[in-house]
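What follows draws every value from the coordinates through simple rules; no lab data is involved. Keep in mind that what you see is a predicted model, and the values were worked out from it rather than measured. FYI the Cβ positions are ideal-geometry reconstructions off the backbone, even for glycines, and counts take in every protein chain you see.
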Amino acid sequence: MSEVTPNMYRYDEFDARFVAERTAQFKTQVERRLKGELTEDQFKPLRLMNGLYLQLHAYMLRVAVPYGTISSRQMRMLAHIARKYDKGYGHFTTRQNIQYNWPKLVDVPDILSDLASVEMHAIQTSGNCIRNVTADHFAGAAADEIEDPRPLAEIVRQWSSLHPEFVFLPRKFKIAVSGAPQDRAALAYHDMAVEIVRNAEGRTGYKVLVGGGMGRTPYIAQVLGDFVEKQDILAFMEAAMRVYNEQGRRDNIYKARIKILTNALGIKEMRRQVEIEFAEIKKTGGLQVPQEELDRITAYFAPPAFETGLSDEIPEAGKDFANWVKTNVHAHRQPGYAIATITLKTPGQVPGDATADQMDVIAELMDTFSVGEVRVSHEQNLVLPHVRKKDLPAIYARLKELDFACANAGLITDIIACPGLDYCDLANARSIPIAQSIALKFEDLARQHEIGELKIKISGCINACGHHHAGHIGILGVDKKGVEFYQLQLGGSGAEDASIGEVMGPGFTEHEIADAVERVVNLYLKTRQPGERFLDTYRRVGMAPFKDAAYEKEAA
Amino acid sequence: MTKLIKSGAYAQDNFVPVADDAALPDGAVLVSLARFQKDRDALLARNTPIGVKLASDQNPQVLADDLSRLSLVALEFPKFRDGRAFSWARILRTRLGFTGEIRAVGDFLFDQVNYQHRVGFDAWEVSDHFTVEMFHKALNEMTDVYQPSADGKKTIRELRAAK
Amino acid sequence: MVFPAPMAQQNHGPQMLTANRLRDGDVLYRKGSTWVLALADGEVYPDQASADAALAAAQAETVRNEFVAPYLFEVRDVNGVITPAKEREIIRAAGPTVRADLGKQAGMVNV
């Protein structure tokens, strides 16, 4: 099957030159660093703004995947980079990016050049700047979508790229967009987020949220703008960014996010200040997004040439396949089509990791079955957005060969885990082994399906890169006198019913935590009413019974 | 020792910095915001150039009514990570319409000079090892920009439309 | 900025000194006035004075731009084997616990 080029944004000469010059600039910065013309203190913010961290074992490079969209050509390059410069694998992250854990500083300019050749980069994937703009991983495909949010994400991406005023913010800034009533992008937990909505006249516009966040002090975002007209969105965002840049705290890194400022000012005052700034910006008109530009960018994301007259039935192909369809296949806008989730969560695997060989096979699947396109989800999975229903059995068979065919999307073994103390310089505890032990404990597929939707999210430190605050069951690894302990939180949600998980109590050891989770799950199974997910039962009965069950020392 | 870069070359710094409690010498002076607010009338009556230095937490809006009488606003970067002055320069240059010198002082990186230039800085107080060649290099590393700023540089979107 | 780097700690007991090689990020351990790749080959500083002296010497050398972020960490003698007191340093010396095929534990040097 020859390479298929999906409908997505394509660089023109300006974009290409921009990335090429940025790469050349970083190459010079690396040379200056190696020669000592830059100290580490001076070099650090520069390398962070090119996505390069120094971690526990080595450097780590975070490559941007704008709104989670990858073409097969790009996927092959990502595999090539893993092979040539790293140790043969990569990690898909909770912000839809991909990370490499073992690049050498001296190789990074070449890696960036290779990325640039397929219209990719690592710009602003770290540092106190606007980060990768993430989007609903079902964008452009989901049956419930009002409008594809990715054109907006692309417009925001360009506007935020090396924005001269906002590259030294008080702290990092994360933006997410969604175009559907069901929130698959965790909007409520972002510094700023946009939901595409329809007004009374039936016209679409942007509901802008501000001040959500994870970390030490989680917050649910609040509404900054109920209905921002499309042409105004950049002016509106610039206003919010300016208020934040001017007033965000600079004295304490744990109090520097916009969520803190929003909470300190109160949303009413925040709105007032942003409105004033917005009105000033609009006077000059320079940030207006004309309809032609909206149309021009939207055209890049046109739906693929769907086949018509296809059967809307999913073929029979055995019990295992049927289970996989139940969890991993989602409704598509187009009759005859479906969205297929590739969970990178086979019990025992490192969540979100894929080898270079697996990436190459996935690129083949993309070309053969999904018009050359895949999405990265913030749940550390991959999504084939446009597959014909009749191809699902063949896709499933290929995924089985890859060992990525577990029928567990959204189930208890579809765990999100940050890299944790196994990789990360900031971590206090390991998270991957905990994810593995829980997944293996609940490996039995019938049991998983009986339990139903249960999102476990694990973070190895308070920075919450595993999004544990948004887990139905959240687990936070802490270091208590040199021993890893794991605290449970229950009842978090990153969907449109967003909530922050409630901390249960003292932590469990590495050897106890999976059993504690099991006791919690068993109590749910005993207590639930028909149709209730774990989250629903928790919300109905509260923490107390779960706490009793978790700390019970005898086997349930 | 520091040098001043202005209009792409080393320049003479004609402004004498004056401590808050020191007497004002003749000629062009650079004072803190507190000093300016305290001795505003006296300063304005002198008919010699006045410069005001703002700390990173001081919004230039407070000078709005007096900007036409100022020749220089110096914006401090106490630490290069403190990026507030990028916003201060931006509104000073465009919204408040300041036509005088906006000078970057303090701790900033070579790699920030281009951003500073874009948001309206036109003078830089730099250490000895920061050469004019480096300055020009900083401004020329990136040909195009995606977003409008105080420099009025055409954005990529405008360049696309012109093709 | 981001997060405070580990400083010279008021540790008790023996310590070692580690850093990352600038060019490739590989983990280094101080031995004398040079660096080695394996913790087992590194020098143990028996008291705070010698540890602080080693850190100071290393910090002065960062201008050579060969390594970055040197810091001290506690070690103990566990059945005759010098072992870090903190799990983080154990993992750093060996490699990810979830990939026994990677890192120093798998004999990989130069990262």
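Once the Cβ-Cβ distance of B:Asp21 and A:Asn252 is raised to the sixth power relative to R0 = 35 Å, the FRET efficiency obtained is 0.65. Averaged over the residues of peptide A:32-39, the number of Cβ atoms from other protein chains lying within 10 Å of each residue's Cβ is 4. Summary value for chain C: 28 percent relative contact order, contacts being C-alpha pairs under 8 angstrom separated by 6+ residues. Across region A:234-271, the residues whose backbone nitrogen lies under 12 Å from the label position 7 Å along the beta-carbon direction of A:Thr284 are A:235, A:238-239. The modelled label-to-label distance between A:Glu450 and A:Leu310, using points 7 Å beyond Cα along the C-beta direction, is 3.6 nm. Its DSSP H runs of at least 4 residues, each contributing -39,500 (n - 2.57), put the calculated 222 nm mean residue ellipticity of the protein assembly as shown at -9500 deg cm²/dmol, to the nearest 500. Per residue of peptide C:22-34, the mean number of Cβ atoms on other chains within 10 Å of the residue Cβ is 4. Plainly put, the protein assembly as shown has a radius of gyration that is 0.98 times its Kirkwood radius, both from alpha-carbon atoms, as the Rg/Rh ratio. Can you give me the C-alpha center-to-center distance between region A:324-368 and region A:54-105, rounded to a whole angstrom? First find each Cα centre; the distance between them is then 18 Å. Here the peptides A:89-101, A:243-255, A:537-549 are ranked by packing, the mean other Cβ count within 10 Å, and the order with the highest first is A:89-101, A:243-255, A:537-549.
Listed by chain and number, the lysines whose alpha-carbon sits under 19 Å from that of B:Lys163, ignoring those within fewer than 8 places in the same chain, are B:Lys153, B:Lys154. A Förster radius of 22 Å combined with the Cβ-Cβ distance from A:Lys481 to C:Ala49 puts the calculated FRET efficiency at roughly 0.25.
Inter-chain Cβ neighbour count for A:154-165, averaged per residue, equals 6 (cutoff 10 Å, partner chain atoms only). Annotation: cysteines of the protein assembly as shown without a disulfide-compatible partner (Cβ-Cβ under 4.7 angstrom) are A:Cys129, A:Cys406, A:Cys424, A:Cys461.
For the pair region A:219-296 / region B:60-135, the C-alpha centres are spaced 23 Å from each other. With the charge dipole of the protein assembly as shown set up from +1 on Lys and Arg Cβ and -1 on Asp and Glu Cβ about the Cα centre, the Cα lying farthest toward the positive end among the listed residues A:Gly213, A:Leu426, A:Leu535 is that of A:Gly213. Within region A:379-401, whose backbone N sits under 18 Å from a point 7 Å along Cα→Cβ of A:Glu3? Inside the label zone: nothing. Looking at this model, which pairs from A:Lys174/A:Lys547; A:Lys441/A:Lys547; B:Lys53/B:Lys79; A:Lys319/A:Lys345; A:Lys35/A:Lys255; A:Lys174/A:Lys326 are more than 24 angstrom apart at the alpha-carbon? Violating the 24 Å limit, Cα to Cα: A:Lys174/A:Lys547; A:Lys35/A:Lys255; A:Lys174/A:Lys326.
Between A:Leu525 and B:Asp144, the FRET efficiency from the beta-carbon distance, with R0 = 56 Å, is close to 0.45.
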